[in-house]
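A quick write-up on the structure given underneath.
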Amino acid sequence: MPTSTAASCVNSPLTLAIRAAADQGRPRRAIALYVSSFRSDAAAHRSCPFALAAVLKSVSRLPAHALAAASFHAHLLRLGLLAHPYPHAALAHLYSRDHPDAARSLLDETPPAGARSAHSLLVSRNSLLASLLRSGDLPAARALFDQMPVRDVVSWNSMVAGLAKAGRLDCAIELFHQMPERNAASWNAVMCGLIAHGHLARAREWFEQMPVRSNVSWITMISGYAKAGDVQAAASLFERMENQNDLYAWNAMIACYGQNGCAREAISVFIRMLKPHICVLPNEKTFSSVISACSQLGNLRFGLWVESFMCSLGIELDDHLRTALVDLYTKSGRIDNAFKLFRGLRTRDVVSYSAMIVGCGMNGKLSEAIGLFKEMSDAKIVPNAVTFVGLLSAYNHAGLMEEARACFAFMSSKYNIRPSMEHYTIMVDLLGRSGKLDEAFQLIMKMPMQPHASVWGALLLACRLHTNVELGEMVASKCFELAPGESGYYILLGNIYAQANKWDKVKSLRKTMMEMGLSKMPGSSWVQAA
DNA sequence: ATAGGGTTAG
């Protein structure tokens, strides 16, 4: 009987190692440990139900496990452990994600046995319920929930969370009020649904009313503000949070800054988190955000330090992290390194392809960019706006006007992607530098959004290149208007005047700059340019 | 000890 082996194997090195790996969120390691036990003489240990439960839990965390569930089912059957409550519940969980029917028949036809079986059955049903909710089958979930002879707070929470996420907020709240017992997760479930459906203010009220808040409550609220771009609100909640040692909270705050264009703040939060009185170590998620922030700032030196620090912590490179590093490396011109990282990805998706294509575009690798685009199309990965930023900038770099124009048109006609500010900027730059100043100007006028100073700036650069004083003055006035205090545009206009030998204009422009307090010019001198 | 709530890349 399973119980007799259980007593002897609970603390066996194999079981402990597998459980430790599973608890640390290293499912592949847990599975590898179990598999390797077949090469040694450890038959008694590898039939430990607790080890198997941990292995099954790990398998369920891996992406594709349809086949694994059936083979573990057979394995458990052969070991005579199928009826043991823990592996049984873990198997039901494994099945439940992709094969709810198989999970259901396991529960109905091969119920667990022994003292803990009633509770195990509840756990298994909760798994099944969660998977039905995940797959969006609300009626089936509701039916299961109603049929369950025993429900606990997890069952209720799952149901409330499922309804709330599906947008059935009123239903969710009604069910919430019917709960016989509530914990922080119950409140979180409703709050999470409110956030997901754009009711940030209501979510905040809900948050403030909670009798007990868990870390998850804080983090859910912080990331809600992060996604809505309210960095201030997120930051003030983060500062109010008492538990300084929750890695998720640090990660949420760093990501919040990084995703909202506050890369500098992201880095300073990261540095704060490394202070000795904060007892958390950054993980791969932290580093993904931090490396992205370094990349945004163009701070490659710090980025490379971060990378070496990360290696010293023994962090394994996952796909997100590799993609962030691809971005960092391409920005520092280490395109070969970037390619190596890219080729080492476990799975390539639109994000990693786009990072690599943008990197090629930036480094003038047109044929590589096109090759990657073909490759991703063949793999049926649908390009997005960022992918086209990369392609267009590759064409821009190579000065290929017609190809870029075709690409720009193709982007909307075939993929239905509305060109963004960035796409327009690249097109204006390319048109302008090819001498098609009028066409570039017309394109700006046709933009459906208010052009940024940088778009006009690209045209201003072209005016200098082609010494067009008349258009240059007009364009520069747009730049001054949209980015007051930005001395670079004054300098560009000054360069145009100098090239055209309009020294009186140079003089009066300089006077204006002095008056505006813009006299400090970085590096360039327009006298030299003349 | 098995179930539910949160954080990552262009």
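The values are calculated or read from the model by the stated rules, or taken from the named source; none is laboratory data. Values in this document were obtained by computation on a predicted structure and should not be read as measured data. A quick note on method: Cβ atoms are made from the backbone with ideal geometry, for glycine too, and the neighbour counts reach across all protein chains shown. When the accessible area is computed, the model is the full protein with side chains, heavy atoms only, and any ligands, DNA or RNA have been set aside. Shrake-Rupley method; radii C 1.70, N 1.55, O 1.52, S 1.80 Å.
Observations, loosely collected:
- Across the alpha-carbon atoms of region A:214-280, the computed radius of gyration and Dmax are 10.8, 32 angstrom.
- Heavy-atom accessible area, probed at 1.4 angstrom with all protein chains present, ranks A:THR110, A:THR330 as A:THR110, A:THR330, highest first.
- In region A:1-149, inverting the average of 1/r over every pair of distinct C-alpha atoms gives 15.5 Å as the Kirkwood radius.
- Debye, to nearest 20: dipole size of region A:1-149, +1 on Lys, Arg Cβ, -1 on Asp, Glu Cβ: 480
- Working value for region A:65-130: equivalent-ellipsoid semi-axes of 16, 15, 8 Å, each the square root of 5 times a Cα gyration tensor eigenvalue, largest first.
- Counting only heavy atoms of the protein chains and using a 1.4 Å probe, A:HIS93 has close to 70 Å² of accessible surface.
- Gained length - A:ASP438 relative to A:ALA143, 0.36 nm times residue gap less alpha-carbon distance: 99.6 nm
- From the alpha carbon centroid of region A:64-127 to that of region A:258-272 is 44 Å.
- Region A:333-348 - phi-based ³J(HN,Hα) in whole Hz, Karplus 6.51/-1.76/1.60, Gly and Pro as x: x, 8, 5, 5, 4, 4, 4, 4, 4, 4, 5, x, 5, 5, 9, 9
- The residues of region A:1-149 expose, per residue, 49 Å² of accessible area to a 1.4 Å probe.
- The mean of 1/r over all distinct Cα pairs in region A:436-530, once inverted, gives the Kirkwood hydrodynamic radius of 13.4 Å.
- Size of chain A from its Cα atoms: along the principal axes, largest to smallest, the extents are 98, 54, 51 Å.
- On Cα atoms only, tilt of A:300-312 relative to the major axis of chain A in degrees: 20
- Reduced Cα scattering model of region A:270-395, Debye log10 I(q)/I(0), q = 0.15, 0.16 Å⁻¹: -0.67, -0.75
- Accessible area of A:TRP503 in the full protein assembly, 1.4 Å probe (Å², nearest 10): 100
- The ellipsoid equivalent to the alpha-carbon distribution of region A:92-133 has semi-axes of 18, 11, 6 angstrom, derived from the gyration tensor eigenvalues as √(5λ) and listed largest first.
- For region A:436-530, a simple Cβ point-charge model (Lys and Arg +1, Asp and Glu -1, everything else neutral) yields a dipole of about 220 debye relative to the Cα centre.
- Excluding ligands, DNA and RNA, the accessible surface per residue across region A:436-530 is 56 Å² with a 1.4 Å probe.
- With Cα atoms, 0 to 90° folded angle of helix A:437-446 axis to chain A main axis: 50
- R0 of 45 Å, Cβ-Cβ distance A:ASN245-A:VAL469: FRET efficiency to nearest 0.05: 0.15
- Summarising the amide proton neighbourhood of A:LEU317: residues at separation of 5 or more, or on other chains, whose placed amide H is nearer than 5 Å comprise an empty set.
- Computed from Cα positions, the angle between helix A:27-36 and the longest principal axis of chain A comes to roughly 50 degrees.
- Size descriptor for region A:68-196, Kirkwood hydrodynamic radius: 15.1 Å (Cα pairs only, one decimal).
- Inter-label distance, A:ARG61 to A:MET210: 2.3 nm, where each label sits 7 Å from its Cα along the C-beta direction.
- Region A:227-370, relative contact order [Cα under 8 Å, separation at least 6], %: 16
- Look at the alpha carbon pairs under 8 Å that are at least 6 residues apart: their mean separation over the length of chain A gives a relative contact order of 5 percent.
- The residue list A:THR330, A:MET148, A:LEU62 was ranked by how far each Cα lies along the charge dipole of chain A toward its positive end, using unit charges on Cβ atoms, and A:THR330 comes out on top.
- Cβ charges +1 (Lys, Arg) and -1 (Asp, Glu), total dipole of chain A, debye: 680
- Nearest-10 value in Å² for the accessible area of A:ARG510, using the 1.4 Å probe: 100
- Protein accessible area in chain A, 1.4 Å probe - carbon and sulfur %: 55
- Label-point gap, in nm, between A:MET445 and A:MET516 - each point 7 angstrom along Cα→Cβ: 2.5
- Couplings 3J(HN,Hα) for region A:284-299, derived from phi with the Karplus relation 6.51 cos²θ - 1.76 cosθ + 1.60 (θ = phi - 60°), are 5, 6, 4, 5, 4, 5, 5, 5, 5, 5, 4, 5, 4, 7, x, 8 Hz, where x marks Gly and Pro.
- Listed cross-link partners A:LYS374/A:LYS414; A:LYS436/A:LYS511; A:LYS165/A:LYS227; A:LYS57/A:LYS285; A:LYS285/A:LYS331; A:LYS275/A:LYS340 are compared with a 26 Å cut-off, the Cα-Cα value being larger for A:LYS436/A:LYS511; A:LYS275/A:LYS340.
- Each part reduced to its alpha carbon centroid, region A:310-373 and region A:421-455 end up 29 Å apart.
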